[in-house]
1. Within segment 18-35, is there a residue that is on the phi < 0 side of the Ramachandran plot, surrounded by 10 or more Cβ atoms within 10 Å (Cβ to Cβ), part of a loop (DSSP other than H, G, I, E, B) and out of contact with any His (no Cβ under 8 Å at 6 or more places or on another chain)?
2. If I ask for residues that are of a type in the set (A, V, I, L, M) and free of Cβ contacts under 8 Å to residues at least 12 places away in the same chain, which ones from segment 15-32 would you list?
3. So which of ILE53, ILE14 ends up being of a type outside the set (S, T, N, Q), exposed (fewer than 10 other Cβ atoms within 10 Å of the Cβ) and modelled with pLDDT of 90 or more?
4. Pairs under 7 Å by beta carbon, first residue closer than 20 Å to LEU10 by Cα in segment 33-50, partner at pLDDT below 95 and not in a helix (DSSP H, G or I), six or more apart or different chains?
Amino acid sequence: MGEIRKTEALEPTISEYKFGYTTFIVETHFNLDCSESLEDILKRLMISDTDEILNAA
């Protein structure tokens with residue numbers, strides 16, 4: 001069986017953003033054991049989002 005490992009993470013940061021009459025509450029989580037760089041994560045998210053948009057058309 002695979003090994004279960006508890007990763008160290010910081011407490012989530014909660015931010016509130018207001019756009020017009022809409023309020024967005026965002027929780028941000030950081031994993032200190034992450035092997036991806038911020039650049040890699042952003043690239044992966046952008047590619048995923050554009051794939052969804054292109055496949056929806």
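The values are calculated or read from the model by the stated rules, or taken from the named source; none is laboratory data. Just so you know, these numbers come straight off a predicted model, no measurement behind them. Methodologically, a virtual Cβ is constructed for each residue, glycine included, from the backbone with ideal geometry; neighbour enumeration extends over all protein chains shown.
1. Taking segment 18-35 and keeping what is on the phi < 0 side of the Ramachandran plot, we get 18-19, 21-35.
When the remaining residues are screened for being surrounded by 10 or more Cβ atoms within 10 Å (Cβ to Cβ), the result is 26, 30-31, 34.
From what is left, the residues that are part of a loop (DSSP other than H, G, I, E, B) are 30, 34.
In the following step, the residues that additionally are out of contact with any His (no Cβ under 8 Å at 6 or more places or on another chain) were identified as 30, 34.
Yes: segment 18-35 contains one or more residues that are on the phi < 0 side of the Ramachandran plot, surrounded by 10 or more Cβ atoms within 10 Å (Cβ to Cβ), part of a loop (DSSP other than H, G, I, E, B) and out of contact with any His (no Cβ under 8 Å at 6 or more places or on another chain).
2. The first filter runs over segment 15-32 and keeps only residues of a type in the set (A, V, I, L, M), leaving 25-26, 32.
ILE25, the sole residue that qualifies.
3. Values: ILE53 fails: modelled with pLDDT of 90 or more.
Exactly one of ILE53, ILE14 is of a type outside the set (S, T, N, Q), exposed (fewer than 10 other Cβ atoms within 10 Å of the Cβ) and modelled with pLDDT of 90 or more, namely ILE14.
4. Between residues of segment 33-50 that are closer than 20 Å to LEU10 by Cα and residues that are at pLDDT below 95 and not in a helix (DSSP H, G or I), the close pairs are ASP33/THR7; ASP33/GLU8.
Yes/no per residue for (1) modelled with pLDDT of 85 or more; (2) not charged (D, E, K, R):
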| site | (1), (2) |
| --- | --- |
| THR7 | no, yes |
| PHE19 | yes, yes |
| VAL26 | yes, yes |
| ASP33 | no, no |
